[in-house]
Amino acid sequence: MIRGRLTVAGPVADASAAGAARPGAPRRVVIVGAGMAAARLAEELRAGQPDSAALEVTVLGAEPDEPYNRIMLSHAVAEGGANAGGATAGGAAMSAVARLKPTGWWERSAVELRTSAQVIAIDRASREVMLADGSRIAYDHLVLATGAQPRIPPIAGIRVERAESVGPDGAALAPGAFTLRDAADGRALTAHLAATPGPVAVVGGGFIGLEVACALAAAGREVTVVHPRDRPMNSVLDAGAGAVLVRALAALGIRVRTRVRATVWDGRGLVLDDDDVVVASTVVLTAGQAARTDLARDAGLEVGDGIVVDDELATSDPAISAIGDCAEHRGSVGGVVAPAWEQATVLAARLTGDDPGARYVGATQVTRLKAFGLDVVALGELALGELAGGDVGGVGAGRAAECDCCRVESTTISEPARGRYARVDVAGGKVVGAVLVGHPEPVGTLTQLYESALPVPDDVVSVILGRAEAVSAATPATMPAAAVVCRCNGVSKSDLVAAWGDGARDQAGLAERTRAGTGCGGCASAVEGICGWLRDAS
């Protein structure tokens, strides 16, 4: 763990300097937040302008930790919670959470990283940010990457005056109650699990909730998920996929209670609004998140559900940008890492002058839950919500409906007993939406068809089953060079081949050169396959 301020090689902005740019002085970019979006932006800025005398980059993180991969928090918690040893086990497990940069990267890259540096205000007039320790740091351009905070549902007894953990709004959480947004949450939850046997209740059946539930179930915990809607992951799955998902979760030992809300937590269990009681010694709150907008709002910036930005990622003050989970772009607030990293790339191109005309126009919608024993993928938007939904087994092909001005045809394959479900919506010969539960085989092909708007073969069922000629593109040898392998980082097959040619001779080397596999990890098998193919070809 790194605490305090990291010294850098290269000039550092004078915190007492006036906010306006000085003639001949380095341009100062200050990033508030040290999460995955902020770390990517710092990397892209330095890649675009290697000379620290021409561009000073400062990253201010409120946490004591160097930027790390938040996506892996649930896995680290489950690993630590499955072991004995209390806080010792928890600390060891959390130390395994991957840092985003290797040791010494910040110093070598002349990027100033300040940890435990909480920004409490923005002085737009003098172009300075004020820290909790009373210091002030000047900027020429400020980037807000403050992320999001968990929502705390209105459950009686969930908040107390003194507790093991503290909620994101400063309110104390009752003993046994936890959120899981940052490393501090992870350490507290891990230590509690390692010292406290018994079942776990997860409040919220969205992406994060199911990831936590699967990780804990794999670690041997009895887990119950409580979700107020009719199915888990209801924002991206239709009814048919939701029903199969519930059965797949049951096969992993995870009980799912839908259409109910938790009303009371007493430290021994959750009381639901149907008077059922979920016995649990631990409750994990994963009931959504809200963008952190307080700094922006207090500074007079335009704020909606997030900090409002345009296609240039500028806020209502052109000297301030926002990216990641705190930013609201075209009425939508983020929640996954890939769009945040794309925003970082666009903004860095603008700030370094590599591409002053760069614009962020939104990202394709791809959600993948790849947890212990479970694989769920959602692409785009399903037409008319419940068009092909149904939880009976069998195949449905050619079901069609009018959607806006185009005709949408849905093809579904449902095998509830095997925990498998697939639905693909096609309009104008292109994939416009798809959901896959327990069908990892066609994910690469369907994602490529969707993201590149490629024509879909007439026999969609064969595509789903991996039998169509078109799916040969999913094999390393026949995959197009432009095919995206790691969506989180935008790494194509040709990028991996180039890295191999530059000397990267294993999966770790390819990851270091291209960043493939350093996001959600869902592309690990594909990268491994390409690595093996390149090795054989050599």
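The values are calculated or read from the model by the stated rules, or taken from the named source; none is laboratory data. For clarity, every value in this text was computed on a predicted model and none was experimentally measured. Neighbour counts are summed over all protein chains in view; Cβ atoms, including those assigned to glycine, are modelled from backbone coordinates with ideal geometry.
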With the condition kept exactly as written, say whether any residue in the stretch 295-308 is part of a strand (DSSP E or B), assigned by TED's automatic domain parsing to the domain that holds V30 and over 17 Å from H141 (Cα atoms). yes
Only one of (1) in contact with a Cys (Cβ under 9 Å, 6 or more places away or on another chain); (2) closer than 19 Å to R40 by Cα fails for R359. Which number is that? (1)
Within the stretch 323-343, the residues that are in contact with a strand residue (DSSP E or B) (Cβ under 9 Å, 6 or more places away or on another chain) and of a type in the set (A, V, I, L, M) are I323, A327, V333, V336, A338, A340
Which one of these is crowded, with 17+ Cβ neighbours inside 10 Å, closer than 30 Å to P416 by Cα and not polar (S, T, N, Q): R221, R259? R221
Based on what the data block shows, is S16 at pLDDT below 95 and surrounded by fewer than 16 Cβ atoms within 10 Å (Cβ to Cβ)? yes
Within the stretch 71-137, which strands (runs of 3 or more DSSP E) (wholly inside it) include 3 or more residues that are modelled with pLDDT under 85? none
Tell me whether the stretch 293-300 contains one or more residues that are under 30 Å from V435 (Cα atoms) and either in contact (Cβ under 8 Å) with a residue 60 or more places away in the chain or buried (at least 23 other Cβ atoms within 10 Å of the Cβ) (or both). no
Condition test on S321, is it within 30 Å of Y360 (Cβ to Cβ) and not in a strand (DSSP E or B)? no
